[in-house]
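Visitor: Dumping the structure here so I can ask a few things about it.
The values are calculated or read from the model by the stated rules, or taken from the named source; none is laboratory data. What you see is a predicted model, and the numbers here were worked out from it, not measured in a lab. Here Cβ is always computed from backbone atoms with ideal geometry, including for glycine, and neighbour counts include all displayed protein chains.
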Amino acid sequence: MQAKEVKMYSDYKSPFAYLAFDPAFALEQRFRIRLRWIPFQLRIKGKGERSLYSEHKARYSYLDARRWAKPRGLVIRGPLKVYDTTPALIGGLFANQQGRLLDYSRRVYELFFRRELEADEPDAVADVVASLGMSAGDYRKFLSSEGAVAYQRAQDEAAADHVFGVPMFFFDGEPFWGHDRIPLLENRLTEAGLAMT
């Protein structure tokens, strides 16, 4: 049986996308699926632009993310500003072309949530690319040409899929939003007869 596609929309500034990343790719070891990572620019309002209730929700969300992260040894510190992560997301597309999406994404998530990476600065992203043995120069070319086109195509696909947050998975058109929905996705994959024996 041919592997079925599962889409995963993701943004490097989302702590819940970070929590979902490795467990989602681990599904490929247990189900006949191919996970397709798709960058999605999460739109977040900054401090002073949100209501008081939204401020409370944002604080709670990071508290909750840290609770999930701690048993896995992951560090999640809330960023000090709202990031346009386009350079990092295009970096993910570049790394994927090089067969290095997993290494790159793990490194970007780790550094970003330790507040050691400015994910909106192409030079900072280029340094991550180079640290993994890929060409920073090729990344810079990709960023302003082929990568920009691929990134826009991903945003258009997200709009067509009605993506509103990350991580968001799609299997046979059915959406699953949030890292904690992975068990529901697993059940759906099992029902579809995709579990490996």
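Visitor: Just checking, which of 142, 112 is farther than 26 Å from residue 175 by Cα and in contact (Cβ under 8 Å) with a residue 60 or more places away in the chain?
Guide: 112
Visitor: Which numbered condition in (1) aliphatic (A, V, I, L, M); (2) over 24 Å from residue 164 (Cα atoms); (3) in contact with a Lys or Arg (Cβ under 7 Å, 6 or more places away or on another chain) is the only one that residue 74 fails?
Guide: (3)
Visitor: Can you tell me which residue within the stretch 145-161, out of those that are among the charged types (D, E, K, R) and without any contact (Cβ under 8 Å) to a residue 12 or more places away in the chain, is surrounded by the fewest Cβ atoms within 10 Å (Cβ to Cβ)?
Guide: My answer is 156.
Visitor: What is the residue count in the stretch 7-33 for residues that are farther than 19 Å from residue 106 by Cβ, in a strand (DSSP E or B) and either touching a Lys or Arg at 6+ places or on another chain (Cβ under 7 Å) or not aromatic (Phe, Trp, Tyr) (or both)? Lay out the reasoning, then the answer.
Guide: If we filter the stretch 7-33 for residues that are farther than 19 Å from residue 106 by Cβ, which is where we start, we get 7, 30-33.
Among the residues that remain, those that are also in a strand (DSSP E or B) are: 7, 31, 33.
When the remaining residues are screened for being either touching a Lys or Arg at 6+ places or on another chain (Cβ under 7 Å) or not aromatic (Phe, Trp, Tyr) (or both), the result is 7, 33.
Here the count works out to 2.
Visitor: Just for the stretch 46-64: of the residues that are under 16 Å from residue 80 (Cα atoms) and hydrophobic (A, V, I, L, M, F, W, C), which one is modelled with the lowest pLDDT?
Guide: Out of the qualifying residues, it is 58.
Visitor: Considering (1) within 16 Å of residue 27 (Cβ to Cβ); (2) surrounded by fewer than 17 Cβ atoms within 10 Å (Cβ to Cβ), say which one residue 97 fails and leave the rest.
Guide: Every listed condition holds for residue 97 apart from (1).
Visitor: Shifting gears a bit: Determine which member of the set 164, 176 is free of Cβ contacts under 8 Å to residues at least 24 places away in the same chain and surrounded by 18 or more Cβ atoms within 10 Å (Cβ to Cβ). Step through it out loud before you land on a result.
Guide: Details: 164 fails: surrounded by 18 or more Cβ atoms within 10 Å (Cβ to Cβ).
On inspection, the qualifying residue turns out to be 176.
Visitor: In this structure, is residue 79 surrounded by 15 or more Cβ atoms within 10 Å (Cβ to Cβ), more than 22 Å from residue 152 (Cα to Cα) and out of contact with any strand residue (DSSP E or B) (no Cβ under 9 Å at 6 or more places or on another chain)?
Guide: Yes; evaluated as a whole, the condition is true for this residue.
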